[in-house]
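Structure first, then comments.
The values are calculated or read from the model by the stated rules, or taken from the named source; none is laboratory data. The shown structure was predicted, so the numbers you read here are calculated from the model rather than taken from an experiment. So basically every Cβ, Gly included, is an ideal-geometry build from the backbone, and we count neighbours across all protein chains shown. Note: accessible area is taken over every heavy atom of the protein model, side chains too, but ligands, DNA and RNA are not part of it. Shrake-Rupley method; radii C 1.70, N 1.55, O 1.52, S 1.80 Å.
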Amino acid sequence: MPTAHPAAWPERLWIVRHGESAGNVARNAAQAAGAPRIAVGTRDVDVPLSPRGEEQARALGRWFARGEAHGRPEVLLASPYARAMETARLFREHGGTAIPEEPICPDERLREKEFGILDGLTTSGIVSLQPEQAEFRRLLGKFYHRPPGGESWCDVIFRLRSLMDTVGLHYGGRRVMIVAHQVVVLCLRYVIERMSEAEILGIDREGDVANCSVTEYRYDPGKGRFGGLSLVRYNETAPVEESAVAVTAEPDRSAGVRG
């Protein structure tokens, strides 16, 4: 009977989408106006949290501090994008981590999906300004479509497999939180749960990943031959629901489409 190897897995893994960003707000305004482009005059990596997003991150920290999340992370990994790093910082400042002095570790493998020539376009903008790409995406589906200069979901999954190897190597047996982006949350589910394209796209169709929502896994020695991670909750919005700030679940700014 093979024995489990808990050191290869974190004891807990929380995956959090960043708080509402200025890009989310700008995207909504562009869609409402029927504009082809989203009016954010900065690189996507530099887009900050909105004031509401900042409060969502604080609420998340307070929720963890109260013990609502089966413990608090010892390790905090984040996308290097400003909105994710700021979410992690505010979360830590409001009691979310078990080791307050532990630095936030930025990891570029957790960055937003890159949209290439479609970056900053609304859905209608893609159709009107990049009709060939709109057709390619329709034919191939978002899982495999790679716009020029950008990534497909498969490209994101490739880098996240490497990320999970690093988590197992350096943070086995510890409590880990990842702060990243909507597509990263979904693609990590695909990797961890060994899903098919149809399964993860079915989850995606059910709705957006909410800002500052919590997806949680725990180590389960009985999962598979050598143990593994079992899903405890997905897209949990209680941290934000229990605060005075609204729950938001807008797609990210890039390309104006979910994913």
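Quick notes on this one:
- In the context of the full set of protein chains, residues of the chain present 43 Å² of accessible surface per residue (probe radius 1.4 Å, heavy atoms only).
- DSSP beta bridge pairing in the chain, given as percent antiparallel to the nearest 5: 50 percent
- Percentage relative contact order, the range 156-249, counting C-alpha pairs under 8 Å, at least six apart: 22 percent
- Positive-end residue of 116, 127, 67, charge dipole of the range 12-237 with Cβ unit charges: 67
- Values of log10 I(q)/I(0), in the order q = 0.08 Å⁻¹, for the chain under a Debye, Cα-only, solvent-free model: -0.30
- Helix axis angle, 82-93 relative to the chain longest principal axis, alpha carbon, degrees: 30 degrees
- The angle separating the long axis of helix 22-33 from the principal Cα axis of greatest extent in the chain is about 40 degrees.
- Under 9 Å, Cβ to Cβ, from residue 145 - net charge with Lys/Arg +1 and Asp/Glu -1: +4
- Around residue 99: net Lys/Arg minus Asp/Glu count, Cβ-Cβ under 15 Å: +1
- Net charge dipole, the chain: roughly 300 debye, given to the nearest 20, about the Cα centre with Cβ charges of +1 for Lys and Arg and -1 for Asp and Glu.
- Helix 131-140 axis, angle to the chain major axis (alpha carbon atoms, nearest 10°): 40 degrees
- Filtered trypsin sites (Lys or Arg not before Pro), the range 155-259: DSSP coil and at most 12 other beta carbons within 10 Å: 194, 225
- Low-density loop positions, GluC sites (Glu not before Pro), the range 142-229 - DSSP coil, at most 10 other Cβ in 10 Å: 206
- The convex hull around the C-alpha trace of the range 42-134, projected and averaged over every direction, spans 7.5 square nanometres.
- Extreme residue, positive dipole direction of the chain, given options 243, 170, 156 (C-beta unit charges): 170
- Rounded Å value of the spacing that divides the Cα centres of the range 186-238 and the range 123-170: 19 Å
- Of the solvent-accessible surface of the chain, computed with a 1.4 Å probe and all protein chains present, 53% belongs to carbon and sulfur.
- D_trans [Stokes-Einstein, Kirkwood Rh over alpha-carbon pairs] for the range 1-71, 10 °C, 1.306 mPa s, µm² s⁻¹: 103 µm²/s
- Estimated at the nearest 10 Å², the accessible area of residue 232 is 60 Å² with a 1.4 Å probe.
- Under the combined filter of DSSP loop state and at most 11 neighbouring Cβ atoms within 10 Å, the range 67-115 retains these GluC sites (Glu not before Pro): 101.
- Mean separation of Cα contacts under 8 Å, 6 or more apart, over the residue count of the range 12-237: relative contact order %: 27 percent
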